Amino acid sequence: MNMLWLILGDFNCVKSPTEKQLGATPTWYELKDFAECCLSLGLNDAPTTGCYFTWYSNSESNPVWCKLDRVLFNNEWLEVGLLCNAHFNPSGCLSDHSPGIVSILDLFASQPKPFRFFNMWADHQDFMATVENGWNLNMDGTTQFSFCRKLKALKGHLKAFNNLHFSHISVKAKDADLALQDAQIQLEFDPENAAIRDLVGELRKKAVFLAEAERHFYYQKAKLHFLKMGNRNTKFFHDMKRNATKSSILAITKTDGSTITSAMEIGQEFVSYFTSLLGTQVQTLPVDNAVFNWGPKLSSELALELCRVVTPEEVKQALFRISENKAPSPDGYSACFFKRAWHIVGDQVCTAVLDFFRSSRLLR
């Protein structure tokens with residue numbers, strides 16, 4: 001079910017022996033049903049603050065504390081960039097359970113979603129035409145300015161291209177596979193039907209393409225190069241998301257004792273705190289130029305090589321040495337984009353880079 005789930009309350013069971021203090025230690029037989037249920041449904045524990053043990057037996061002779069109350073959310077929360085956390089207060093005198101307060105946070109509410117080039121786009125048959133249509137624009141200005149404006153203008157074309165062909169890639173891949181299976185069943189009952197045979201071939205190509213695109217999508221989003229390329233990478237991606245959620249800082253206590261939960265305020269507090277520790281100035285000594293004459297030095301020939309004019313071929317060689325799976329540059333474009341579309345954008349890439357070496361100025 002591709003919906004957002006949020007389940008909270010008293011589950012009357014702990015997930016591990018560490019969630020119970022005093023009393024009989026729970027066995028794996030007692031824990032496995034709840035643990036397997038959460039695993040099969042893809043449910044994750046929301047980060048919590050306050051009381052860790054949310055239930056108390058209220059027995060002075062046989063005290064027991066357990067974490068029975070919890071907040072669970074499914075993987076779809078991670079996909080859309082939502083995050084929730086729960087704060088459990090002391091139980092007080094009216095109940096043996098801790099009251100919980102759930103906060104729902106939108107990680108991208110305060111900022112637009114940045115552009116990112118996904119390498120799967122480059123494998124689509126309409127990719128080159130999309131790049132050509134978006135690139136062949138007349139831009140006035142300096143070489144670097146024109147190049148940057150073209151990259152920026154192309155983002156709109158690529159976003160529309162993504163929405164048309166790759167939006168909700170997992171759903172598209174699953175639907176394509178189901179359509180292929182339906183056609184294969186029809187062909188089994190009517191093996192002499194040439195139209196169905198042709199349809200099966202077309203649907204197989206589409207299903208394979210979308211399955212590969214989905215795999216590359218999660219491989220790139222996980223941003224790790226040691227992933228096995230033989231699987232869909234969805235499980236690893238969600239594991240990475242869960243780990244990021246667990247390690248996220250949702251609340252901190254300031255030096256004055258107050259608690260803040262705003263992501264912006266938390267960031268500002270960290271900057272202020274470490275600035276007070278590390279932001280002091282120290283006295284520096286003057287540089288002794290004689291130091292540069294010590295040790296080995298470059299020959300005149302090698303020194304001239306450092307000053308040699310960079311060629312377009314060197315620019316291309318340097319770019320093509322970059323792995324296509326490296327993290328993209330700040331503008332969102334990966335090396336894959338420039339490699340695949342080099343015959344379209346290559347001349348202007350070289351011109352912009354050579355302009356930097358000639359002028360020693362980089363457009364910001």
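The numbers here are math on the coordinates, done by the rules we state, and not lab data. Here the structure is a predicted model, which means the values were calculated and not measured. Positions of Cβ are backbone-derived with ideal geometry, glycine not excepted, and every protein chain shown enters the neighbour counts.
Miscellaneous remarks
- Against the chain, whose longest principal axis comes from its Cα atoms, helix 263-278 is set at around 70 degrees.
- Residues of type aspartates and glutamates that K67 reaches as a straight line, Cα spacing below 20 Å, ignoring anything fewer than 8 places off in the same chain: D10, E19, E30, D33, E36, D45, D96
- Nearest-0.05 FRET efficiency for S359 and L285, computed from C-beta distance (R0 41 Å): 0.75
- A simple charge model with +1 on the Cβ of Lys and Arg, -1 on the Cβ of Asp and Glu and nothing else charged puts the dipole of the stretch 1-158 at about 620 debye relative to its Cα centre.
- Ranked by how many other Cβ atoms sit within 10 Å of their own Cβ, fewest first, the residues V287, V200, V345 fall in the order V287, V200, V345.
- Rounded to the nearest 20, the size of the Cβ-charge dipole of the chain about its Cα centre is 1020 debye, with Lys and Arg at +1 and Asp and Glu at -1.
- Where only DSSP H runs of four or more residues are counted, the chain gives -15500 deg cm²/dmol as its mean residue ellipticity at 222 nm, each run worth -39500 (n - 2.57).
- Local charge for F11 was computed over the other residues whose Cβ lies under 12 Å away, with Lys and Arg +1 and Asp and Glu -1, and equals -2.
- Cut-off 12 Å, label 7 Å out along Cα→Cβ of I7, residues of the stretch 44-86 by amide N: 44-45, 70-75
- This ranking places I169, I185 by how few other beta-carbon atoms lie within 10 Å of each, fewest first, which gives I185, I169.
- Difference of contour (0.36 nm per residue) and Cα-Cα distance, S61 to A194: 39.9 nm
- Across the cross-link table entries K206/K339; K221/K326; K15/K254; K113/K205; K159/K205, which are compared at the Cα atoms, the separations over 22 Å belong to K206/K339; K15/K254; K113/K205; K159/K205.
- Based on the Kirkwood approach, the hydrodynamic radius assigned to the stretch 6-106 is 14.5 Å, with every pair of different Cα atoms included.
- Shape category assigned to the stretch 245-364 from the gyration tensor of Cα positions, a/c cut at 1.5: oblate
- Result for the chain in a Gaussian network model with C-alpha springs under 10 Å: among N325, N163, N119, the largest mean-square fluctuation is at N163.
- Beta bridges by DSSP in the stretch 6-106, antiparallel share as percent, to the nearest 5: 85 percent
- Under the simplified labelling scheme, the M128-L164 pair shows an inter-label distance of 1.7 nm, with each label point 7 Å from Cα along Cα→Cβ.
- The tail of the calculated P(r) for the chain beyond 35 Å holds 53 percent of all Cα-Cα pairs.
- Across the stretch 205-214, coupling constants 3J(HN,Hα) worked out from phi with the 6.51/-1.76/1.60 Karplus curve, θ = phi - 60°, read 4, 5, 5, 5, 4, 5, 5, 5, 4, 5 Hz, and Gly and Pro carry x.
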